[in-house]
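To keep things clear, I will list the structure first and then write my remarks on it.
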Amino acid sequence: MKTRFDFLGLTITVESATPSLVEEVRRDFSYFVAPDGPAAVRIDLHRSPPPYHELPPIAASFATPRNICYRENDTSYIDYFGPGLAVYDRGRGYCAVYSEDDDLLHEIAYLFTLSTVGQWLDNRGIHRLHALGVSYRNQGILLLLPSGGGKSTMALRLMREPGFLLLSEDTPLIDRRGQILPFPLRLGVRPEQHTGIPQQFLRTVKRMEFDPKTLIDLDYFRNRLGGKTAPALLLVGQRNLGEVSEIVPLGRARAFRALLSHMIIGLGVYQGLEFLLERGLRDLAGKLGVGVSRTRNGLALLRRSRTHRFVLGRDVDRNVQTLLAFVAKNCGSD
């Protein structure tokens, strides 16, 4: 079985002799599913033990909390501490993934795709912002929160309100003009969280570094997805242990500091260092160029946005009502 995706011009196919593995990845990226055809990158998923006996005797290049990476010329061997292995041939644009654990195969394919797409977009001057992105009456609203800060919960609540469209629950894209481009992926919540969503759109998976997560298929929100949107509000979230819930003006300098973390440095945005090619000074120059490009796009976004701090207390309902009232007042017309 094979599925092809088109990520703003980058085509990727995922294939496997086990159809359920391909279906899991399709559910992750259903917004980008494309007709069959040639692809720049191919991912092949094998439900089988990693073929360690076929690997060359090369020294490790570096380690991450997820894996150990070995490199030889244009090929990377990414060892997930025994249960899983990815062999990535950059010259051929081919990644073979091996494991007997379906959740691990799925997660490797998902992370490899995110890393590949992110690098491709960076090189074209389109950058991911770690934020919840929605639109309301054709006006873009970005809420910057750290990982685990409640973006998914807020997205689920907003999708129940008339007028809101989802751009991305985690990483909307910002172009050179500061516009928001949609990058919707499946949503993830804690398994114990009640969503009210039918079971056919839900699946709970194990993860390498974190607790299990329940994934919500994007197909459930198919009629609530937005397109390219001009920014209107940039809200920098701040958690509060009390009951305070308010949105107050924030100077552009302070808002830029938040963009420095959430976009320019890219904290919270999956980079996938194990899949990136290191080329010494040449690669460093490329990274510096990406940093300059991210800064330029961030400044363009700031110029077009009204910036505020969103203080979020422990009462989720109060936070939602605070945001709804603020949006109704500040984005009341197209």
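Can you tell which of 122, 170 is open to solvent by 30 Å² or more (accessible area, probe 1.4 Å), within 24 Å of residue 295 (Cα to Cα) and out of contact with any Asp or Glu (no Cβ under 8 Å at 6 or more places or on another chain)?
Numbers: 122 fails: open to solvent by 30 Å² or more (accessible area, probe 1.4 Å).
That would be 170, the only listed residue that is open to solvent by 30 Å² or more (accessible area, probe 1.4 Å), within 24 Å of residue 295 (Cα to Cα) and out of contact with any Asp or Glu (no Cβ under 8 Å at 6 or more places or on another chain).
For region 226-254, give me each residue that is more than 22 Å from residue 328 (Cβ to Cβ), touching a Ser or Thr at 6+ places or on another chain (Cβ under 8 Å) and either open to solvent by less than 30 Å² (accessible area, probe 1.4 Å) or not in a helix (DSSP H, G or I) (or both).
251, the sole residue that qualifies.
Find the residue count for region 164-197, including only residues that are over 20 Å from residue 316 (Cβ atoms) and either small (Gly, Ala, Ser) or part of a strand (DSSP E or B) (or both). Let's see the steps before the verdict.
Narrowing region 164-197 to residues over 20 Å from residue 316 (Cβ atoms): 165, 167-168, 171-186.
Restricting the remaining residues to those that are either small (Gly, Ala, Ser) or part of a strand (DSSP E or B) (or both) gives 165, 167-168, 173-174, 178, 180-181.
Within region 164-197, residues that are over 20 Å from residue 316 (Cβ atoms) and either small (Gly, Ala, Ser) or part of a strand (DSSP E or B) (or both) number 8.
Can you tell me which residue within region 1-25, out of those that are of a type in the set (A, V, I, L, M) and in contact (Cβ under 8 Å) with a residue 60 or more places away in the chain, is most open to solvent (accessible area, probe 1.4 Å)?
The first filter runs over region 1-25 and keeps only residues of a type in the set (A, V, I, L, M), leaving 1, 8, 10, 12, 14, 17, 21-22, 25.
Imposing the further condition that a residue be in contact (Cβ under 8 Å) with a residue 60 or more places away in the chain reduces the set to 8, 10, 12, 14, 21, 25.
On the way: 8: 71, 10: 10, 12: 0, 14: 1, 21: 6, 25: 1 Å².
My answer is 8.
Applying the selection to region 208-225, what residues are open to solvent by less than 90 Å² (accessible area, probe 1.4 Å) and farther than 20 Å from residue 184 by Cβ? Let's see the steps before the verdict.
First, pick out the residues of region 208-225 that are open to solvent by less than 90 Å² (accessible area, probe 1.4 Å): 208-209, 212-219, 221, 224-225.
Of everything in region 208-225, those that are open to solvent by less than 90 Å² (accessible area, probe 1.4 Å) and farther than 20 Å from residue 184 by Cβ turn out to be 208, 209, 212.
Does any residue of region 46-57 turn out to be open to solvent by 50 Å² or more (accessible area, probe 1.4 Å), under 23 Å from the mean Cα position of the chain (by Cα) and not acidic (Asp, Glu)?
Checked region 46-57: no residue is open to solvent by 50 Å² or more (accessible area, probe 1.4 Å), under 23 Å from the mean Cα position of the chain (by Cα) and not acidic (Asp, Glu).
Considering (1) closer than 27 Å to residue 326 by Cα; (2) without any contact (Cβ under 8 Å) to a residue 60 or more places away in the chain; (3) in a loop (DSSP other than H, G, I, E, B), say which one residue 210 fails and leave the rest.
(1)
Out of the residues in region 256-294 that are part of a helix (DSSP H, G or I) and of a type in the set (Phe, Trp, Tyr), state the one that is modelled with the lowest pLDDT.
Ranking the candidates gives 275 first.
Within region 228-243, can you find the residues that are touching a residue at least 60 places away in the same chain (Cβ under 8 Å) and not aliphatic (A, V, I, L, M)?
Initially, region 228-243 is screened for residues touching a residue at least 60 places away in the same chain (Cβ under 8 Å), giving 229-243.
Matches in region 228-243: 229, 231, 237, 238, 239, 240, 242, 243.
Cβ-Cβ below 8 Å, separation at least six or inter-chain, first residue in region 48-77 and in contact (Cβ under 8 Å) with a residue 24 or more places away in the chain, second assigned to a strand (DSSP E or B) and surrounded by fewer than 14 Cβ atoms within 10 Å (Cβ to Cβ): which pairs?
69/60; 69/62; 69/63
The values are calculated or read from the model by the stated rules, or taken from the named source; none is laboratory data. Predicted, not measured: the structure shown is a model, and the values here were computed from it. Backbone-built Cβ (ideal geometry, glycine too); neighbour counts: all protein chains shown. Surface accessibility is based on the protein's heavy atoms, side chains included, excluding ligands, DNA and RNA. Shrake-Rupley method; radii C 1.70, N 1.55, O 1.52, S 1.80 Å.
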